There are 2 protein chains.
Amino acid sequence: MRLFWEHGYEGTSLAMLTSAMGITPTSLYAAFGSKDALFREAVAAYNAPENSPTDRAMLRPTAREAVEEMLRANADAYVDPGTPPGCMVVLSGINLSEGHEDVGRHLAELRGQDRAKVRARIVRGAEDGDLPAGADADVLADYALTVLHGLSVQARDGADPERVQAVIDAAMAGWDAMVRTFGDAARTGGAGRTP
Amino acid sequence: MRLFWEHGYEGTSLAMLTSAMGITPTSLYAAFGSKDALFREAVAAYNAPENSPTDRAMLRPTAREAVEEMLRANADAYVDPGTPPGCMVVLSGINLSEGHEDVGRHLAELRGQDRAKVRARIVRGAEDGDLPAGADADVLADYALTVLHGLSVQARDGADPERVQAVIDAAMAGWDAMVRTFGDAARTGGAGRTP
DNA sequence: TTTTTTATGTAGTGATCACTACATAATTGC
DNA sequence: GCAATTATGTAGTGATCACTACATAAAAAA
């Protein structure tokens with residue numbers, strides 16, 4: 001998992017995997033079937049619900065708290081010096097040669113699931129009344145995920161943890177401002193686009 | 001350039017390059033010296049100042065306009081269906097096997113240069129008075145670049161151009177809110193952290 | 001124990017990797 | 001025209017890729 005996380009699917013060779021695991025190719029193939037299948041199991045372990053900061057964050061009482069904790073908890077993990085920087089789901093399938101597009105699609109689907117979770121939490125916030133009824137869940141979810149994905153690149157560039165938290169301060173200020181425009185739009189009937 | 005842009009440094013083989021260029025390996029090596037050197041030339045062409053939306057954006061009269069145009073112009077390029085999605089400098093060196101770390105460092109340095117340009121433009125905005133004197137150029141630059149880098153991943157996931165612009169609306173609302181806290185901090189002596 | 005099943009290591013599969021020696025073709029200088 | 005130089009294609013370099021046939025070793029079943 002750590003090798004795939006750090007070097008990506010194609011940047012990790014079977015030789016690297018077998019030497020890191022202390023086993024031979026035969027054992028690896030008996031246990032996992034193929035490099036593809038092993039990668040998928042590694043991603044599944046990385047993305048397991050019981051370890052997922054995102055899943056945990058969605059339990060927060062308001063949509064805003066949920067999104068903020070999602071950003072902060074994931075960012076903490078991204079810059080944790082004990083693990084490779086950034087998010088495995090975001091980074092490990094960025095560069096693929098022809099013939100491995102399915103790996104990229106699999107990861108894109110997982111990112112889509114995260115987006116769906118955030119979007120659903122936003123919709124619930126609007127229903128619960130902690131967000132304006134007119135809040136655009138698609139835009140807010142895209143915004144939150146754009147910041148989240150950007151933090152993976154920042155982490156790869158060795159971002160300072162404190163500054164990452166300051167970036168999230170700014171991002172949440174943007175969240176609040178955007179939510180306010182939705183509230184205003186609901187009251188005035190406007191389109192909600194910031195001038 | 002397009003192959004490296006789309007598949008990354010290691011995801012692009014010499015066979016792909018020679019067949020796309022319609023030349024033989026001999027000619028490629030006579031002209032460029034090595035795959036590394038060709039990649040660097042491709043990145044240089046991609047990142048040329050005369051084509052750079054970022055450089056052009058920095059000429060805007062205020063720091064806010066400069067940052068907003070940087071985001072919008074780059075985002076337009078990221079989702080342009082005529083070119084690979086996302087930013088070559090951000091994406092093409094994400095997954096590297098052992099022994100090619102210098103490629104990653106080279107791209108990270110280019111990202112650092114972009115950050116420095118944005119930071120310098122913010123500092124100038126504070127000097128010019130279109131930003132509060134206490135504005136934290138590091139935080140604002142990191143925030144802008146985090147959103148920018150996140151947009152590359154969104155583009156890879158096939159983000160809708162209109163929704164990308166809406167995300168930038170939210171991001172700029174965040175910029176304004178963050179700038180406001182710096183102004184408030186300057187007036188009240190507070191630390192400037194959004195609660 | 002003896003047999004059967006399961007797990008593992010050795011050694012090598014063809015394919016592809018980046019790269020190049022060598023020969024031929026095109027171009028240039030005289 | 002003729003020699004020197006430059007450019008290009010052919011064919012192959014050793015290394016490494018993901019993967020596996022085969023044989024041996026360990027464990028389980030009889």
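Descriptive notes on the structure:
- Filter pass, A:Gly93 being on the phi < 0 side of the Ramachandran plot and not polar (S, T, N, Q): yes
- Residue selected from region A:6-21 under the condition surrounded by fewer than 16 Cβ atoms within 10 Å (Cβ to Cβ) and among the small types (Gly, Ala, Ser), by the criterion farthest from DNA strand C (Cβ to nearest atom): A:Ala20
- Selection of region A:105-140 for residues being at the interface with chain B (Cβ under 10 Å from one of its Cβ atoms) and under 19 Å from B:Ala170 (Cα atoms) yields A:Arg115, A:Asp136, A:Asp138, A:Val139, A:Leu140.
- Restricting region A:31-60 to residues that are within 16 Å of DNA strand C (Cβ to nearest atom) and part of a helix (DSSP H, G or I), the residue that is farthest from A:Gly112 (Cα to Cα): A:Ala31
- All conditions in (1) surrounded by fewer than 20 Cβ atoms within 10 Å (Cβ to Cβ); (2) at the interface with another protein chain (Cβ under 7 Å from one of its Cβ atoms); (3) more than 15 Å from B:Ala77 (Cα to Cα); (4) not hydrophobic (A, V, I, L, M, F, W, C) hold for B:Thr146, with the sole exception of (1).
- Test result for A:Asn74, surrounded by 19 or more Cβ atoms within 10 Å (Cβ to Cβ), within 14 Å of another protein chain (Cβ to nearest Cβ) and either within 16 Å of DNA strand C (Cβ to nearest atom) or more than 17 Å from the chain's Cα centre (by Cα) (or both): no
- Against the test of being aliphatic (A, V, I, L, M) and more than 9 Å from chain A (Cβ to nearest Cβ), the options B:Ala166, B:Ala159, B:Ala177, B:Ala155 yield a single qualifying residue, B:Ala155.
- Residue check for B:Leu28: within 14 Å of another protein chain (Cβ to nearest Cβ), near DNA strand C (Cβ under 10 Å from one of its atoms) and either surrounded by fewer than 18 Cβ atoms within 10 Å (Cβ to Cβ) or touching a residue at least 12 places away in the same chain (Cβ under 8 Å) (or both): no
- If you filter region A:85-103 down to residues that are more than 8 Å from chain B (Cβ to nearest Cβ) and away from DNA strand D (no atom under 16 Å from the Cβ), you find that the one that is farthest from B:Val153 (Cα to Cα) is A:Pro85.
- Residue check for B:Arg121: crowded, with 16+ Cβ neighbours inside 10 Å, in contact with a helix residue (DSSP H, G or I) (Cβ under 7 Å, 6 or more places away or on another chain) and within 22 Å of A:His7 (Cβ to Cβ): no
- Hey, A:Leu28 within 9 Å of DNA strand D (Cβ to nearest atom), closer than 12 Å to A:Met1 by Cβ and part of a helix (DSSP H, G or I) or not: no
The rows are residues; the columns are (1) among the small types (Gly, Ala, Ser); (2) at pLDDT below 95; (3) farther than 12 Å from B:Met178 by Cβ; (4) assigned to a loop (DSSP other than H, G, I, E, B).
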position	(1), (2), (3), (4)
B:Asp114	no, no, yes, no
B:Val118	no, no, yes, no
B:Arg124	no, no, yes, no
B:Leu131	no, no, no, yes
B:Gly134	yes, yes, no, yes
B:Ala141	yes, no, no, no
B:His149	no, no, yes, no
B:Ala155	yes, no, yes, no
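The values are calculated or read from the model by the stated rules, or taken from the named source; none is laboratory data. Predicted model, so just to flag it, every value in this text is computed and none were measured. No Cβ is skipped: glycine too gets one built from the backbone with ideal geometry, and neighbour counts run over all protein chains shown.
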